[in-house]
């Protein structure tokens with residue numbers, strides 16, 4: 001059998017019904033946490049301490065608005081934060097820590113103890129990973145973290161693994177907070193084009209292969225294999241007559257969402273068929289045609305979850321995509337990016353129209369063409385969705401596409417201010433670009449620049465790991481004040497540590513920093529943490545011996561050097577130090 005097995009779908013189908021989405025799920029199910037821990041799928045941009053703090057502050061603004069408006073919040077009930085496709089669980093760790101910090105700084109009552117963060121994913125192995133993770137256990141013990149296996153497009157209830165509670169339609173008394181990063185672009189999509197006033201549906205024929213597999217299995221995974229999938233699609237487009245638009249989603253989604261999706265299709269058809277809208281500014285090409293995706297999988301997930309809380313929710317999404325419909329101009333096939341798995345561009349504008357059709361409003365990022373665009377959507381649960389809302393419920397096609405455009409927004413002043421401060425003023429994408437510039441482009445960043453970036457990052461441990469050699473090489477020449485900052489900062493970095501595997505031994509590297517600061521006792525503590533978490537290593541034992549020697553504890557130093565040589569008999573540094581101690585010829589310490 002070939003090492004690259006092809007799976008071919010000969011017939012053309014609606015994109016959301018095609019096989020590529022099950023191929024995607026098979027990939028993540030097979031890889032589990034390895035998808036991110038081994039770098040098969042990039043994750044730092046949405047799993048760092050900076051974005052965790054930013055999201056926590058936006059969430060806090062929303063909760064304060066709810067709490068101040070008593071008819072929107074029941075203080076006797078839990079407030080659930082549900083993260084979809086949570087992957088490693090690292091973002092939840094940072095958000096929960098930041099919510100604690102916010103509570104301690106606020107002068108008003110903040111109901112942090114009522115918040116229950118629910119990590120969800122469709123992969124059982126990921127749920128088990130969270131249940132066993134040491135960094136998450138304190139939050140579980142406090143009753144503030146729970147887990148659920150949840151398939152975003154098909155499930156309509158949550159069975160919580162810790163509390164045993166089952167969340168079903170209408171049982172959640174307070175609004176939800178729903179978080180989904182790089183999720184929209186991996187759930188099923190429908191393809192449409194508008195060509196000279198005619199709405200067309202895109203049909204796809206899928207040809208997919210998994211690369212890096214040695215047995216031809218589509219979901220094959222071994223410890224030494226970096227599996228990835230490659231998809232080559234063929235597309236064709238067929239016209240939808242006006243009479244068919246109103247029934248296009250009939251029996252495909254819940255009846256109440258059928259009308260919202262119908263409104264959206266009519267909106268795009270009208271927008272890209274209008275002569276006035278075809279004459280765009282210099283920033284966009286002039287065209288009366290468009291190619292767009294409808295994120296039907298994400299919309300199904302929103303319906304299922306918001307039905308739990310009677311249609312009330314804050315939704316925060318971070319993804320690559322577009323929020324300006326003018327970005328959809330022109331006739332093109334969907335762009336697919338490959339990164340172990342694959343993804344498409346998220347249509348945030350369609351989600352905005354969906355939420356507005358349901359009586360909600362949107363807070364949209366003012367950035368364009370970024371790798372991570374963060375947007376927020378609010379569903380208030382006001383109104384009766386069983387009654388079809390009039391076309392005026394959506395913004396007129398000629399309206400500015402990024403307007404909040406809702407009378408509901410003033411009731412959420414703290415949320416709006418927090419979104420402006422945490423997203424539009426300096427976004428998670430801005431931080432990501434800044435750290436990448438420091439890590440990848442700066443040849444030798446100064447210690448003061450690194451320190452400033454660490455502070456901005458909220459002392460992110462992975463960022464420290466990226467820049468550790470720059471820090472360690474410059475620490476001996478640092479000023480007293482800067483050394484003091486790094487000594488205090490090292491504790492903050494460690495408080496943000498979230499173990500994924502042994503490839504990134506943060507504790508060991510912090511031990512090296514403390515050694516460079518001549519903080520021998522602290523260095524020993526970090527080296528012992530390295531042993532406890534990542535196991536014995538001859539260099540770790542050697543470095544611990546250096547610390548004990550610096551403290552004039554020669555008996556302990558001898559034991560460490562002996563252990564280092566047991567692990568690696570030909571390790572000359574340990575042998576030399578052992579001989580020096582035996583001869584009572586303690587030389588001055590050299591650099592690690």
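Quick notes
- Compared with the dominant principal axis of the Cα atoms in the chain, helix 520-534 is inclined by about 60°.
- Anisotropy class assigned to the stretch 420-459 is oblate, per the alpha carbon gyration tensor with a/c at or over the 1.5 cut-off and a/b no larger than b/c.
- Summed over qualifying helices (DSSP H, 4 residues or more, each -39500 (n - 2.57)) and divided by its residue number, the chain shows a 222 nm mean residue ellipticity of -12000 deg cm²/dmol.
- The mean sequence separation of alpha-carbon pairs under 8 Å and at least six residues apart, normalised by the residue count of the stretch 429-582, gives a relative contact order of 14 percent.
- Cα long-axis angle, helix 49-68 against the chain (0 to 90 degrees, to the nearest 10): 50 degrees
- The order of 437, 256, going from fewest to most other C-beta atoms within 10 Å of their C-beta, is 437, 256.
- Relative contact order for the chain, counting Cα pairs under 8 Å that sit 6 or more residues apart, in percent: 15 percent
- Least to most buried among 500, 292 (fewest other Cβ within 10 Å first): 500, 292
- Cβ crowding within 10 Å averaged over residues, with 478-488, 13-23, 505-515 ranked highest first: 505-515, 13-23, 478-488
- 0 to 90° range, to nearest 10: angle between helix 554-567 axis and the chain longest Cα axis: 60 degrees
- Cα gyration tensor shape for the chain, rounded if a/c is under 1.5, else prolate or oblate: prolate
- 335, 537, 518 arranged by Cβ crowding within 10 Å, fewest neighbours leading: 335, 518, 537
Laboratory data are not the source of any read-out in this text; all were calculated from the coordinates shown. Since we're looking at a predicted model, the values are computed, not measured. Note that we place each Cβ from the backbone using ideal geometry, even for glycine, and neighbour counts take in every protein chain shown.
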